[in-house]
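> Please see the structure below; I have some questions.
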Amino acid sequence: MTGEHFRANDGPDASPDVAAGAAPEPVLPDAVRARVVALAVDLFPSLGPDVLPGPLRRFAHFTPARRAKMAGPSVAAALTADAEFRERLAEKAVEAAGPLGEAVAAGTPPGAADPVEVAALAYLARPPHWTALVEAASATAAAAAESEQVQAATRQLDRLAEQLDRVRANAKADTDKLRSDLATVRSEADELRARVRELSKALRDSEQDVRRLTEAVSTERGRVAAQSSTADAEIRRLRSRLADAEREREQGKSATRAGRATEDARLWLLLETIGNATQGLRRELALAPPDTLPADAVAAEVAGAAAAVEKPGAGRLWAADDPARLDQLLGLPRVHLVIDGYNVTKTGFGELALEQQRTRLLAGLAGIAAQTNAEITVVFDGASRLAVAPGSPRGVRVIFSPAGETADEVIRRLVRAEPSGRPVVVVSSDKEVADGIRRAGAYAVPSIVLVKRLERA
């Protein structure tokens, strides 16, 4: 409804200074026009459907808020075009306004009344000189609105002044801080200049020291060259003496060969005696070859605990990683080779999956079993974690530690089960395992030695 104005022909009770059809209605301010529409839509239910113009009847049953929103334009048009509708609406409005409505209808509104309410009632009731009332009330409302705008502008100016004061205070504080920072930066710059001067002096001193050291190095090089020449002469003299000593040693060896031959004969006789004694003990004791070995008993015990039975030890820790050392041990009679499975596989080919690690190790051990007469046992951790336990190759006993027991503990049990005097070789890089089996009388070999032995094969 913004920008819309109510205009109507003067009725019989129009003011004398406005003749019928002689002058248009005054233009209503927005506040007065909005109040007129509000009065109209509020009084719709009291008018009855026979009084309401046709375009407004459909809004009679709407809520007041919805009527004000939806019927506003139609109310403005009806008030301008339908004098009877306006007169009936004026009667209801004057009656609803009480004493104020009666005073406005009589053309004598009180001075303290709301100018917007007076203008709206005068527009509807059309008392004598109603246009003057509307214009006076409109002017008062406009003055009030202008006064409110001035007051709002004044408040805005006050807020802007406060903001300006704050901005000035902040700007002053920022300026003071910047001045303080500038003083600090200047002080730091002075310190840096002094430091640069000190470093420049130190650089010049260092350059002088470098020159002196260069000269000293040149002098030392000459001295070292002279000493090197003297050392070469001394080396030649020592080599000559070494050659003389070698000749004297060969002469000594020739002199002692006859005595060594006698010692070898004595040693052969001792070994022959021990061998004959061993054969005699075997005949006397009449011991048959055992059906089960000590390691088989340990393997069966472990398998019973884990419910995963599979087919089928004077300790030194070799520091060297030469596979030939392992070959020397495997050449011992009736040697038992015990292997810490995952310790070896993770040392040699840990990038593979566990199943592939086991397969590769067992394939290599099968080759060693075929090349030697050694008894071979390999121990892995955790048979309970395997869906299907792998088979063991010919000549290789495979043991998986049961629940609650590690492969290290099974290896110690295997070593303890062997008779004293039988050579047992344990392959593991685990220091605790090596120390334990060494105390039990077994040989300890690092895992890398077996890995290299397998690679060589």
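The values are calculated or read from the model by the stated rules, or taken from the named source; none is laboratory data. What you are looking at is a predicted structure, and each value in this text was computed from that prediction instead of being measured. Backbone-built Cβ (ideal geometry, glycine too); neighbour counts: all protein chains shown. Just so you know, the surface numbers come from the protein's heavy atoms only, side chains and all, with ligands and any DNA or RNA stripped out. Shrake-Rupley method; radii C 1.70, N 1.55, O 1.52, S 1.80 Å.
> From the list A307, A319, A255, A303, which one is at pLDDT below 65 and surrounded by fewer than 10 Cβ atoms within 10 Å (Cβ to Cβ)?
Numbers: A307 fails: surrounded by fewer than 10 Cβ atoms within 10 Å (Cβ to Cβ); A255 fails: at pLDDT below 65; A303 fails: surrounded by fewer than 10 Cβ atoms within 10 Å (Cβ to Cβ).
Criteria check complete, one pass: A319.
Quick grid of which residues meet (1) open to solvent by less than 60 Å² (accessible area, probe 1.4 Å); (2) outside any strand (DSSP E or B); (3) modelled with pLDDT of 95 or more:
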residue: N373; (1), (2), (3): no, yes, no
residue: T377; (1), (2), (3): yes, no, yes
residue: A389; (1), (2), (3): yes, yes, no
residue: S392; (1), (2), (3): yes, yes, no
residue: I399; (1), (2), (3): yes, no, no
residue: P402; (1), (2), (3): yes, yes, no
residue: E409; (1), (2), (3): no, yes, no
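> Kindly indicate the residue of region 100-125 that is closer than 20 Å to F85 by Cα and of a type in the set (D, E, K, R) and also surrounded by the fewest Cβ atoms within 10 Å (Cβ to Cβ) among those meeting that condition.
Applying the first criterion (closer than 20 Å to F85 by Cα) to region 100-125 yields 101-102, 104-105, 117-125.
Okay, now just the ones that are also of a type in the set (D, E, K, R), so 102, 117.
On the way: E102: 15, E117: 19.
Only one residue tops the list, namely E102.
> What are the residues in region 429-457 that are among the hydrophobic types (A, V, I, L, M, F, W, C), more than 18 Å from A369 (Cβ to Cβ), outside any helix (DSSP H, G or I) and open to solvent by 20 Å² or more (accessible area, probe 1.4 Å), if any?
Within region 429-457, the first condition is being among the hydrophobic types (A, V, I, L, M, F, W, C), and the residues that meet it are 433-434, 437, 440, 442, 444-445, 448-451, 454, 457.
So of that shortlist, the ones also more than 18 Å from A369 (Cβ to Cβ) come out as 433-434, 437, 440, 442, 444, 448.
In the following step, the residues that additionally are outside any helix (DSSP H, G or I) were identified as 440, 442, 444.
The one that is among the hydrophobic types (A, V, I, L, M, F, W, C), more than 18 Å from A369 (Cβ to Cβ), outside any helix (DSSP H, G or I) and open to solvent by 20 Å² or more (accessible area, probe 1.4 Å): A440.
> Quick one: which residue in A144, A153, A161 is at pLDDT below 80 and surrounded by 10 or more Cβ atoms within 10 Å (Cβ to Cβ)? Before the answer, list the steps.
Values: A153 fails: at pLDDT below 80; A161 fails: at pLDDT below 80.
Going through A144, A153, A161 in turn, just one is at pLDDT below 80 and surrounded by 10 or more Cβ atoms within 10 Å (Cβ to Cβ): A144.
Results for (1) open to solvent by 20 Å² or more (accessible area, probe 1.4 Å); (2) assigned to a helix (DSSP H, G or I); (3) more than 25 Å from T140 (Cβ to Cβ); (4) at pLDDT 50 or above, shown as yes or no for each residue.
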| position | (1), (2), (3), (4) |
| --- | --- |
| V32 | no, yes, no, yes |
| P49 | yes, no, yes, yes |
| L52 | no, no, yes, yes |
| P55 | yes, yes, yes, yes |
| K69 | yes, yes, yes, yes |
| S74 | yes, yes, yes, yes |
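> To continue, here is another question. Please state which of the following conditions A96 fails to meet, knowing it meets all the rest: (1) modelled with pLDDT of 75 or more; (2) surrounded by 15 or more Cβ atoms within 10 Å (Cβ to Cβ).
(2)
> Separate question: Output the residues belonging to region 411-428 that are open to solvent by 60 Å² or more (accessible area, probe 1.4 Å) and part of a helix (DSSP H, G or I). Can you show your working first?
Filtering region 411-428 for residues open to solvent by 60 Å² or more (accessible area, probe 1.4 Å) gives 412, 416, 419-421.
Within region 411-428, R412, R416 qualify.
> Here is a list: V445, V451, V415, V427. Which entry is over 13 Å from V338 (Cβ atoms) and modelled with pLDDT of 90 or more?
Working: V445 fails: over 13 Å from V338 (Cβ atoms); V415 fails: over 13 Å from V338 (Cβ atoms); V427 fails: over 13 Å from V338 (Cβ atoms).
After ruling out the rest, the residue left standing is V451.
> If you don't mind, there's one more thing I want to ask. Of everything in region 126-138 that's assigned to a helix (DSSP H, G or I) and touching a helix residue (DSSP H, G or I) at 6+ places or on another chain (Cβ under 8 Å), which residue is most open to solvent (accessible area, probe 1.4 Å)? Give the steps one after another, and end with the answer.
If we filter region 126-138 for residues that are assigned to a helix (DSSP H, G or I), which is where we start, we get 130-138.
Those still in the list that are touching a helix residue (DSSP H, G or I) at 6+ places or on another chain (Cβ under 8 Å) too: 130, 133-134, 136-138.
On the way: W130: 1, L133: 31, V134: 1, A136: 56, A137: 7, S138: 13 Å².
Among them, the one singled out is A136.
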